[in-house]
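The values are calculated or read from the model by the stated rules, or taken from the named source; none is laboratory data. As the structure is a computational prediction, the values presented were derived from the model and not from experiment. Quick reminder, even Gly has a Cβ in these numbers, built from the backbone with ideal geometry, and neighbours come from all protein chains shown. Areas reflect the complete protein model, heavy atoms only, side chains present, ligands, DNA and RNA absent. Shrake-Rupley method; radii C 1.70, N 1.55, O 1.52, S 1.80 Å.
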Amino acid sequence: MREYRSEAIRNIAVVGHGTSGKTTLVDALAFVSGSSRRHGSIRDGNTLTDTAPEEVERKYSIALGCAFAEWKDTKINLLDTPGFLDFQGDAIAGIAAADGALVTIGSGTGVEAGTERMFREAIARRDPVLFVVAMMDKEHADFDRAYQSIKDRLTAKVVPVEIPIGAGASFKGIINLFTKKAHLFTPGTKAGEFQETDIPASERARFERYHAELVEAVAATDDALLEKFFSGEELPGDVEMAAMKEAMKRQELFPLLCCSSQLTWGVRTVLDFLAALMPSAYEMEILHAFRGAVGERTVEVHPSDSAPFSALVFKTTAEPHVGDVSYFRTFSGTVASGQEVYNATRDSAEKLTHLAVPLGRERVDVPRLYPGDIGCVAKLHNTHTNDTISTKAQPVRLPQVHFPDPLVTFAVKAVSRTDEERLQQGLHRLHDEDPTFQTHFNTDTHETIVGGMGERHIEVALARLVRQLSVKAELTVPRVPYRETITAKGEGQGKHKKQSGGRGQFGDCWIRMRPAPRGSGYQYVDAIVGGVIPRNYIPAVDRGIQEAAARGVLAGYPMVDFIAECYDGSYHSVDSNEASFKMAGIQAFKTVAAKCRPALLEPLEVVEVFTPEAYLGDVLGDLSSRRGHILGTEAPDDGHFTQVRAIVPQAELHLYATKLSSLTHGRGTYAHHFHGYEQMPAEQAQKVIALADKERRDGNGA
Ligand SMILES: Nc1nc2c(ncn2[C@@H]2O[C@H](COP(=O)(O)OP(=O)(O)OP(=O)(O)O)[C@@H](O)[C@H]2O)c(=O)[nH]1
Ligand SMILES: [Mg+2]
């Protein structure tokens, strides 16, 4: 394959709602350009970028897939991303690695929740965005309606640069509004070949209308052009294109295209527009002003050949028979196959053996890569997603992809006990491949917790464990790490005395307990005077209290936020020892804590929900039914989404993501973080205590 320099490289993240045609479009773009030899389909399970068995079986994308289309001296790198929000981590990584986004719109559905989400993500990254109404040949295809839905829900700055002739079964061509030519397709077209004609008379009126709209939209982006527009002067197509490209960089215009990827109709024009309108990596520097860090120092990162090499690993996959493959986007400098590089994030040396560019699951060896290109390499020793590889001389660290925090959590354990260790390894491997899949051991509840972006995310992850490691795991609702505390003062004695032949045991202490502020934990006060308990036994009382407090007195949860003061006691010169005083401490705690009106504490989360105004009532109602305390609502500037802040008990949030999604037709999102512990209402506390009692009786208490 030939070498491509920065100016000739385009990096495009293909994003959009689930099943809006991204994978099929990427396959068609690569095939029509000649870079890929086979035209795959979802039905046959042989597309370029849905290659994992889970993707083929389920017929949707789960992970980021990379491919490219070489088109008229340009190399268009295509990052096919999953549309389901359960797998949004990879879509976010794809957008971060690219310089522009292609947003697919289902021809029958228009804008959907996933479209909205990824469009906003691209906007936030200040990327140019281009829309494609995919699947124009499909039943119910309606270009105008899709166009209107973009205007209504995403941006008024969208403007068609081509329009379809016909739709659904009668889709037969497109009109390029810049060249003012029609492309007509006939059944049997293999790779988007078309017959170029003048605009058919039947389409003339539609063309005029859309053309006028385009000319005006482009002119409005530039004062000089606007002047010419008003004086009635017609602009050459290439001037219009150049103006549009500049406007796209400023997010002032968003072109709209259309095609049928399945038939390959219109795909050539999509390639033309991608090459012409999307910026090269080199041009994006001006917009993005890349910066990195060397130690504490901030440095600029230039996509010039002579700059020191730097690249960000945005994806890692585990390939059968190969091992880990790292996908990276180069930001500066050239790099050659076999070159020694340096992982500045982990302070380790690496070698880029068999430098390659990804084409689906295939890796095409290349001798060298220029700044802005996307490459991959297998078997790095100690490099993970979000690491920067650079040079020892200039060990720069690039800004990392910001992956969202998990929204749903489950407790997990291996069905067969002997698989537990392999399960743990497998879970960590899943995290290496997908940073939004997280796992940790909760020391409060003694459970392994897995977290992800949705139920489907976790379900697919477990399916992969079965396939790759033959480990079957089962999920349960995570235990809530309740705590206990006291709400009143009290005092009493703990006495441990045993006389069973030989040397006896004797420990005796008096303690006072009182509540302490929330979050203060436990404090022990030694108030013994006059040596009623010898010095060396006083810490043993403390240890006894702590040991007993860890098991609580109500429902087996650790007791916190109290002060225990040991103020009296007695000892026996022969029988007393540390163990006996510890036992006395345990008994004192049990006796006194029970008298201090113990209560249950529950963890609370601060929840921030973003919902379209239309569903606000339902969202608030649902939060209230979860014992949520609404802190406030706020309508942001664009008027589309309302933000709700609430404090909600953790116990009520299991699978909230699923509920929110169904309440808001997939459009609502939320984030949450730990707020603190508060006393639980008596009614709920009674339920938790009753359940703990039952578990204790059944013999499987925590
Ligand atoms: N008729 C028709 N069907 C299409 C076309 N493109 C895609 N499809 C079908 O639409 C469905 C979804 O296509 P995909 O390419 O998997 O869509 P996607 O956006 O990658 O979906 P996710 O990966 O789940 O986000 C599949 O059944 C495709 O065969 C098209 O141009 N015409
Ligand atoms: Mg897909």
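Once the Cβ-Cβ distance of Asn442 and Lys72 is raised to the sixth power relative to R0 = 56 Å, the FRET efficiency obtained is 0.50. Cα centroids of region 446-476 and region 671-685: 27 Å apart. The label point for Thr353 and the one for Arg417, both projected 7 Å from the Cα toward the Cβ, are 4.2 nm apart.
The listed residues Asp198, Asp622, once ranked by accessible area (1.4 Å probe) with the largest placed first, stand as Asp198, Asp622.
Taking a probe of 1.4 angstrom, what is the accessible area of Tyr656 in Å², to the nearest 10? Answer for Tyr656: close to 0 Å² accessible.
Loop-located chymotrypsin sites (Phe, Trp or Tyr not before Pro) in region 401-475 (DSSP state not H, G, I, E or B) with no more than 13 neighbouring Cβ atoms inside 10 Å do not occur. Measuring nothing but how far apart in sequence close Cα pairs (under 8 Å, 6+ apart) lie, relative to its length, region 545-700 scores a relative contact order of 26 percent.
Express the relative contact order of the chain as a whole percentage, based on alpha carbon pairs under 8 Å and six or more residues apart in sequence.
That works out to 10 percent.
List the trypsin sites (Lys or Arg not before Pro) in region 6-47 that DSSP assigns to loop (not H, G, I, E or B) and whose Cβ has at most 11 other Cβ atoms within 10 Å. Which are they?
Answer in residue order: Arg37, Arg43.
Among the GluC sites (Glu not before Pro) within region 116-164, which fall in a DSSP loop and have no more than 12 other Cβ atoms within 10 Å of their own Cβ? When the GluC sites (Glu not before Pro) of region 116-164 are filtered for loop state and at most 12 Cβ neighbours within 10 Å, Glu139 remain.
Once both labels are positioned 7 Å from their Cα atoms along Cα-to-Cβ, the gap between Thr155 and Lys59 label points is 3.3 nm.
State the Cα centre-to-centre distance between region 346-387 and region 19-83 in whole Å. Comparing the Cα centres of region 346-387 and region 19-83, I get a distance of 20 Å.
For Lys75, the lysines whose Cα comes closer than 25 Å to its Cα, not counting residues fewer than 8 places off in the same chain, are Lys22, Lys190, Lys245, Lys249, Lys315. Does region 16-166 come out rounded, prolate or oblate, given a ≥ b ≥ c as the square roots of the eigenvalues of its C-alpha gyration tensor, rounded meaning a/c under 1.5 and, failing that, prolate meaning a/b above b/c? Since a/c stays below 1.5, the shape of region 16-166 is classed as rounded. On full extension, the segment bounded by Arg514 and Glu613 gains 30.9 nm, given 0.36 nm per residue less the C-alpha separation. For region 615-658 versus region 208-259, the spacing of their alpha-carbon centroids is 42 Å.
Any chance you could look up the accessible area of His402 with a 1.4 Å probe, heavy atoms only, rounded to 10 Å²? Accessible area, nearest 10 Å²: 150 Å².
Within the assembled protein chains, the solvent-accessible surface assigned to His440 is about 100 Å², based on a 1.4 Å probe. In terms of its C-alpha gyration tensor, the chain comes out prolate, because a/c is 1.5 or above and the ratio a/b outweighs b/c. Ordered by 1.4 Å accessible area with all protein chains kept, Phe309, Phe403 run largest first as Phe403, Phe309. Dividing the summed -39500 (n - 2.57) terms of all DSSP H runs of n ≥ 4 by the residue count of the chain sets its mean residue ellipticity at 222 nm at -9000 deg cm²/dmol. Charge dipole (Cα centre; +1 on Lys/Arg Cβ, -1 on Asp/Glu Cβ; no other charges) of region 594-651 amounts to roughly 660 debye. For region 371-512, dividing the convex hull volume of the Cα atoms by the residue count gives 313 Å³ per residue. Which lysines does Lys590 reach when only Cα atoms under 26 Å apart count, and residues fewer than 8 places away in its own chain are ignored? Leaving aside lysines fewer than 8 places away in the same chain, those within reach of Lys590 are Lys489, Lys495, Lys497, Lys498, Lys582, Lys687, Lys694.
Arrange the residues Arg597, Arg363 by how much accessible surface each exposes, largest first, with a 1.4 angstrom probe. Please report the intermediate quantities before stating the final value.
On the way: Arg597 155, Arg363 85 Å².
The residues order as Arg597, Arg363, largest area first.
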